[in-house]
Amino acid sequence: MTTFRADLHCHSICSDGSLSPTEIIQKAVEASLQGLSITDHDSVNAYETALPAAKQAGIELISGVEFSSMHEGVSVHVLGYSFLHTNPKIIDFCKGHQQRRQERNRGILELLTENNMPITEEEIVAVSPIKHSTIGRPHIALAMMKKGYIENVTDAFLHHIGEGKPCYVRGNLFSVQETIDTIHEANGFAIIAHPHLIKESNVLHDILEMNFDGLEGYYARFNPSQNERWISIANKKGWLITGGSDFHGDIKPAISLGCAWAPEETFRVLRDRFEENNK
Ligand code: AMP
Ligand code: ZN
Ligand code: FE
Ligand code: FE
């Protein structure tokens, strides 16, 4: 018998991934995944085409999203699952994020211009494969590459637009608590994404005390001891343990879809709630 595998963390062209939602479904078939969630940054646009494609392909797809939020000035990514993908609270929250991203991107472009690397808003929109996708720093990096300012995306983060670098702008972010509340109002599950990336112990301490439903215990770039640490914390709290690859396609070529996954029992809980919200 093959192990049940559900990759619950990946990105499509609706945010900063390089494959379309239907291409991701195809990849999931090739990777012999049974379950999937597409968790674009601040967008649920993938579901319009992904849901019918998954049904046709025989992949169990549940709704998902990855919201960028903040606690005590530190960036925290929150995964949301199982809400109805057309839920007005989720859609409104995504719209709020698009607005704050537009303002933040303008700030970054101003700094790039001051640093002799002028880029226009039109140029960052032009590198995005579709209209209305979530535009973030990876798109800015691609535009910088296209203009010959840098060799590759990694260089852009390392020298210019990464946290603490001269052209970095954090912008206004929604709080972790507002994010959890929005997901709960939509009857979804709120999960701490890649908890190992939170380096500030006070922030980690605070968010582990919040009303999350689980954490991402299996992640592409974890080593086995990291899995154990997060799984043990989640088990003590009675939290759900999710898992996923954080697949982005070409912008993170080392990570393949399905290289990390959630246990079957977690997937069943998320899927049952998704079905309930779809009734
Ligand atoms: P943003 O959401 O606009 O703040 O951009 C963050 C996204 O940029 C992450 O979700 C990653 O996909 C990507 N990213 C972050 N750091 C790097 C890096 N060093 N190299 C390439 N991509 C990165
Ligand atoms: Zn990303
Ligand atoms: Fe993330
Ligand atoms: Fe992600």
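The values are calculated or read from the model by the stated rules, or taken from the named source; none is laboratory data. Keep in mind that this is a model prediction, so the values were computed, not measured. Note that each Cβ is placed from the backbone with ideal geometry, even for glycine, and that neighbours are counted across all protein chains shown.
Of the conditions (1) away from ligand 3 (no atom under 16 Å from the Cβ); (2) of a type in the set (Ser, Thr, Tyr); (3) in contact (Cβ under 8 Å) with a residue 24 or more places away in the chain, THR134 satisfies every one except a single condition; which number is it?
Checking THR134 against (1) away from ligand 3 (no atom under 16 Å from the Cβ); (2) of a type in the set (Ser, Thr, Tyr); (3) in contact (Cβ under 8 Å) with a residue 24 or more places away in the chain, the one that fails is (1).
Could you please find all residues in segment 112-158 being farther than 26 Å from ILE38 by Cβ and basic (Lys, Arg)?
Within segment 112-158, LYS146, LYS147 meet the criteria.
Which condition breaks for THR179 when tested against (1) over 19 Å from HIS71 (Cα atoms); (2) out of contact with any Lys or Arg (no Cβ under 8 Å at 6 or more places or on another chain)?
Here THR179 clears every test but (1).
Counting only residues that are buried (at least 17 other Cβ atoms within 10 Å of the Cβ) and outside any helix (DSSP H, G or I), how many does segment 1-26 have?
So the answer is 16.
Mind telling me which of the residues GLY136, GLY148, GLY73, GLY107 ends up being surrounded by fewer than 22 Cβ atoms within 10 Å (Cβ to Cβ), within 11 Å of ligand 1 (Cβ to nearest atom) and among the small types (Gly, Ala, Ser)?
GLY136
Can you name the residue in segment 172-206 that is crowded, with 22+ Cβ neighbours inside 10 Å and among the β-branched types (Val, Ile, Thr) and is also nearest to ASN278 (Cα to Cα) among such residues?
Checking each candidate, the answer is ILE183.
Please identify the pairs in which a residue from segment 79-90 that is crowded, with 24+ Cβ neighbours inside 10 Å and modelled with pLDDT of 95 or more has its Cβ atom under 9 Å from the Cβ atom of a residue that is part of a loop (DSSP other than H, G, I, E, B) and among the charged types (D, E, K, R), counting only partners at least 6 apart or on another chain.
Listed pairs, sorted by first residue: TYR81/ASP213.
Please state which one of ILE191, ILE161, ILE207 is β-branched (Val, Ile, Thr) and touching a His at 6+ places or on another chain (Cβ under 9 Å). Steps first, answer last, please.
Values: ILE191 fails: touching a His at 6+ places or on another chain (Cβ under 9 Å); ILE161 fails: touching a His at 6+ places or on another chain (Cβ under 9 Å).
That would be ILE207, the only listed residue that is β-branched (Val, Ile, Thr) and touching a His at 6+ places or on another chain (Cβ under 9 Å).
Among the numbered conditions (1) within 16 Å of ligand 2 (Cβ to nearest atom); (2) in contact (Cβ under 8 Å) with a residue 40 or more places away in the chain; (3) part of a loop (DSSP other than H, G, I, E, B), tell me where GLY258 comes up short.
(1)
Specify the residue that is farthest from ligand 3 (Cβ to nearest atom); the eligible residues are those in segment 193-249 that are over 21 Å from PRO263 (Cβ atoms) and small (Gly, Ala, Ser).
Ranking the candidates gives SER201 first.
Exactly one condition in (1) within 21 Å of ILE251 (Cβ to Cβ); (2) away from ligand 3 (no atom under 16 Å from the Cβ) is not met by ARG101; state its number.
(2)
Tally up the residues in segment 232-258 that are more than 17 Å from ALA6 (Cα to Cα) and either of a type in the set (A, V, I, L, M) or more than 16 Å from ligand 1 (Cβ to nearest atom) (or both), please.
Count: 10.
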